[in-house]
Amino acid sequence: MATLKQGLSLLNAEGLVAKAEHVHAKLTAHAAEFPTPSPSLASLEAAKEGLLKASGDAIDGGRSAHQAKRDAHLKLMNTLRQIAEYVANVANGDAQLIIDGGFEVRAERKPSHLPGAPTNLEALTPDVTNAVKIEWKSEKRVRLYQVQMSATDPAGTAEWTTVALISKRYCTVAGLEPYKMYWFRVIAVNVAGESLPSDVLMARAA
C-alpha cells in the first residue's frame, strides 16, 4: 500500500507557490477522481495569491511586511497539508491516485537482502511438561521467525510443519509425546523474504 509524501516543510515561498499550482492543475485535471477537494481549489488559489502578494510586499517592506509573508506562507502550507490529507483519504493507498492528486509517493524502506539463517539452535529445559524449548541467534533486525518441526528424521524423509510464528528468539513447543525425539529448524523473515532454514536441532520432549 502506497503512502502519500507531502514534501512541504522544506519549500521556500517560491517552491510552495509552484507546489500549489501543480496540485491545483492535477486536481482540476482529475476532478472525476477528486470531486470535492477540502479545502476547495478556490481556497488553495486564494492562499497562493496571498503568499505571492505578501512576498512582493516584503521585498522593500519592514518587519510587519515580513511577518505578513510568514503568515501567508504558513496559511498556504496548512492549506496544502489539508488537501494532502484529502488526497490520501481518496487514494486509499493507490499510488497512481496519489500522483494524480499532485503529490508524491513515499519510498518504502525495504531491506536490501534476505536475512541470514538463524544459528546456534539449542534445546533448553522447558517450563511445562510434554514440550521442547529451543532458542537461537539471529540478525538484530529480524522481527519474525518460523519455527518448524518434524516428527521424523530429516536424514530420511522430513515432514516439516510450522508450529510457531514468533518475534522472540526462543520458543516452547508444547503438546508433544513425552520422551519422543523431534527435529526443529528456524527460518528468519523480513519484508524482503525468508532466510534459508537453520541447521536442524534434535531434541527429546520432556
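The values are calculated or read from the model by the stated rules, or taken from the named source; none is laboratory data. Because the structure is a prediction, the values reported are computed rather than measured. A quick note on method: Cβ atoms are made from the backbone with ideal geometry, for glycine too, and the neighbour counts reach across all protein chains shown.
If the Cβ limit is 7 Å and pairs must be 6+ apart or interchain, which residue in the stretch 22-38 that is touching a residue at least 40 places away in the same chain (Cβ under 8 Å) pairs with which residue that is among the β-branched types (Val, Ile, Thr)?
Val23/Ile83; Glu33/Val90; Phe34/Val87; Phe34/Val90; Pro37/Ile83
Can we say Ala84 is of a type outside the set (Ser, Thr, Tyr), closer than 30 Å to Val191 by Cβ, touching a residue at least 12 places away in the same chain (Cβ under 8 Å) and outside any loop (DSSP other than H, G, I, E, B)?
yes
Matching residues to (1) farther than 30 Å from Arg141 by Cβ; (2) among the aliphatic types (A, V, I, L, M); (3) over 25 Å from the mean Cα position of the chain (by Cα):
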{"residue": "Ala2", "(1), (2), (3)": "no, yes, no"}
{"residue": "Ala32", "(1), (2), (3)": "yes, yes, yes"}
{"residue": "Ala46", "(1), (2), (3)": "yes, yes, yes"}
{"residue": "Ala65", "(1), (2), (3)": "yes, yes, yes"}
{"residue": "Ala68", "(1), (2), (3)": "yes, yes, yes"}
{"residue": "Glu85", "(1), (2), (3)": "yes, no, no"}
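Being in contact with a Gly (Cβ under 9 Å, 6 or more places away or on another chain) and of a type outside the set (A, V, I, L, M, F, W, C) narrows it down to one residue among His66, His73, His30; which is it?
Result of the check over His66, His73, His30: His30.
Does His66 qualify as being in contact (Cβ under 8 Å) with a residue 24 or more places away in the chain and either outside any loop (DSSP other than H, G, I, E, B) or hydrophobic (A, V, I, L, M, F, W, C) (or both)?
So His66 fails the test.
Tally time: how many residues in the stretch 158-206 are aliphatic (A, V, I, L, M) and part of a loop (DSSP other than H, G, I, E, B)?
9
With respect to Leu144, determine if the residue is touching a residue at least 24 places away in the same chain (Cβ under 8 Å) and more than 22 Å from Thr129 (Cα to Cα).
It is true that Leu144 is touching a residue at least 24 places away in the same chain (Cβ under 8 Å) and more than 22 Å from Thr129 (Cα to Cα).
Looking for something at positive phi and crowded, with 18+ Cβ neighbours inside 10 Å - is there at least one such residue anywhere in the stretch 102-110?
Among the residues of the stretch 102-110, at least one is at positive phi and crowded, with 18+ Cβ neighbours inside 10 Å, which makes the answer yes.
Does the stretch 88-100 contain at least one residue that is assigned to a loop (DSSP other than H, G, I, E, B) and exposed (fewer than 14 other Cβ atoms within 10 Å of the Cβ)?
Looking for residues that are assigned to a loop (DSSP other than H, G, I, E, B) and exposed (fewer than 14 other Cβ atoms within 10 Å of the Cβ), one finds at least one in the stretch 88-100, hence yes.
Give the residue that is modelled with the lowest pLDDT, with candidates limited to residues of the stretch 125-162 that are of a type in the set (Val, Ile, Thr) and under 27 Å from the mean Cα position of the chain (by Cα).
Val142
Which condition from (1) within 30 Å of Glu108 (Cβ to Cβ); (2) part of a loop (DSSP other than H, G, I, E, B) is the one that Ala155 breaks?
If we test Ala155 against (1) within 30 Å of Glu108 (Cβ to Cβ); (2) part of a loop (DSSP other than H, G, I, E, B), just (1) comes out false.
Would you say Val128 is over 30 Å from Ala95 (Cα atoms), in contact with a Ser or Thr (Cβ under 6 Å, 6 or more places away or on another chain) and either surrounded by fewer than 16 Cβ atoms within 10 Å (Cβ to Cβ) or in contact (Cβ under 8 Å) with a residue 12 or more places away in the chain (or both)?
no
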